[in-house]
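Beneath this line is the structure, given in structure tokens, with notes to follow.
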């Protein structure tokens with residue numbers, strides 16, 4: 001059994017809970033009602049705000065601020081939470097805010113990498129195996145599904161949803177939803193291609209693996225949906241009619257149909273909002 005290691009300059013609330021093998025470095029502050037899982041390392045000069053839970057085997061680097069109060073003007077100090085899963089790496093100066101709402105949550109899954117200065121605002125929900133590069137920024141209520149990649153300085157508008165295995169290019173301004181398996185980039189970001197490299201690199205994880213047959217159908221679906229030039233509503237119907245049934249393709253189609261913010265296209269004046 002490994003022992004907890006707390007530097008004498010760290011300030012740890014007696015109302016917090018630390019798992020076995022937790023290490024807390026100099027000048028870090030852990031506030032009330034914080035739970036930190038086994039073998040997690042909290043670097044120096046980190047602030048862990050109240051009502052925050054961090055899972056096992058995480059690494060939090062210098063200057064991070066986790067569980068800080070929501071910056072939403074509606075927030076009046078209500079009890080709300082940040083819940084972070086296992087094996088996450090939060091590099092220098094990452095910031096994650098609590099929910100705006102009483103008993104609401106900002107949620108992060110497992111096995112994610114957030115590079116320097118990543119900002120995750122109130123009420124966001126992030127899946128697992130997500131990589132956010134330096135300065136990537138999420139406004140409130142953003143949903144990021146599993147195996148997503150966000151390039152450096154990508155900025156996501158409130159309530160945007162990014163589907164699994166999608167990628168947003170660096171410096172992208174993302175004001176509409178990014179469908180699963182898609183590469184999106186630009187200002188504003190628009191669909192550019194199937195995220196071919198991202199899909200292939202995700203295959204090393206059994207939880208993300210797609211069969212070659214599914215990948216082949218996704219390539220055909222992409223051409224119908226985003227390159228055929230027909231209205232998206234009709235392209236969705238045509239995809240279902242012409243291609244073999246596949247759960248991942250159906251998931252892509254349902255994502256498009258459910259989009260509330262719309263989906264940007266590389267062709268001018270063509271978006272999900274205008275034709276669905």
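The values are calculated or read from the model by the stated rules, or taken from the named source; none is laboratory data. Keep in mind that what you see is a predicted model, and the values were worked out from it rather than measured. Using ideal geometry, Cβ is built from the backbone for each residue, glycine included, and neighbour counts are taken over all protein chains shown.
If only one of 208, 259, 202 is out of contact with any helix residue (DSSP H, G or I) (no Cβ under 6 Å at 6 or more places or on another chain), surrounded by 15 or more Cβ atoms within 10 Å (Cβ to Cβ) and touching a residue at least 40 places away in the same chain (Cβ under 8 Å), which one is it?
202
Tell me which residues, restricted to segment 238-256, are in contact with a helix residue (DSSP H, G or I) (Cβ under 7 Å, 6 or more places away or on another chain) and either closer than 19 Å to residue 162 by Cβ or in contact (Cβ under 8 Å) with a residue 40 or more places away in the chain (or both).
Passing the criteria: 248, 249, 252, 253, 256.
Among the residues of segment 197-235, which ones are touching a strand residue (DSSP E or B) at 6+ places or on another chain (Cβ under 8 Å) and under 18 Å from residue 250 (Cα atoms)?
Correct list: 218, 219, 222, 226, 232.
Take residue 178 and decide whether it is over 21 Å from residue 222 (Cα atoms) and surrounded by 18 or more Cβ atoms within 10 Å (Cβ to Cβ).
no
Check off (1) in contact (Cβ under 8 Å) with a residue 60 or more places away in the chain; (2) over 24 Å from residue 234 (Cα atoms); (3) within 15 Å of the chain's Cα centre (by Cα) for residue 142 and give me the number that stays unchecked.
Just one mismatch for residue 142, condition (1).
Does residue 172 fit the bill of being within 21 Å of residue 258 (Cα to Cα) and either surrounded by 23 or more Cβ atoms within 10 Å (Cβ to Cβ) or modelled with pLDDT under 95 (or both)?
no
Conditions (1) over 16 Å from residue 257 (Cβ atoms); (2) at pLDDT below 95; (3) assigned to a loop (DSSP other than H, G, I, E, B), marked per residue:
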{"position": "210", "(1), (2), (3)": "yes, yes, yes"}
{"position": "217", "(1), (2), (3)": "yes, no, no"}
{"position": "224", "(1), (2), (3)": "no, no, no"}
{"position": "230", "(1), (2), (3)": "no, yes, yes"}
{"position": "244", "(1), (2), (3)": "yes, no, yes"}
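Is it the case that segment 69-92 has a residue that's within 28 Å of residue 180 (Cα to Cα) and out of contact with any strand residue (DSSP E or B) (no Cβ under 7 Å at 6 or more places or on another chain)?
Looking through segment 69-92, at least one residue is within 28 Å of residue 180 (Cα to Cα) and out of contact with any strand residue (DSSP E or B) (no Cβ under 7 Å at 6 or more places or on another chain).
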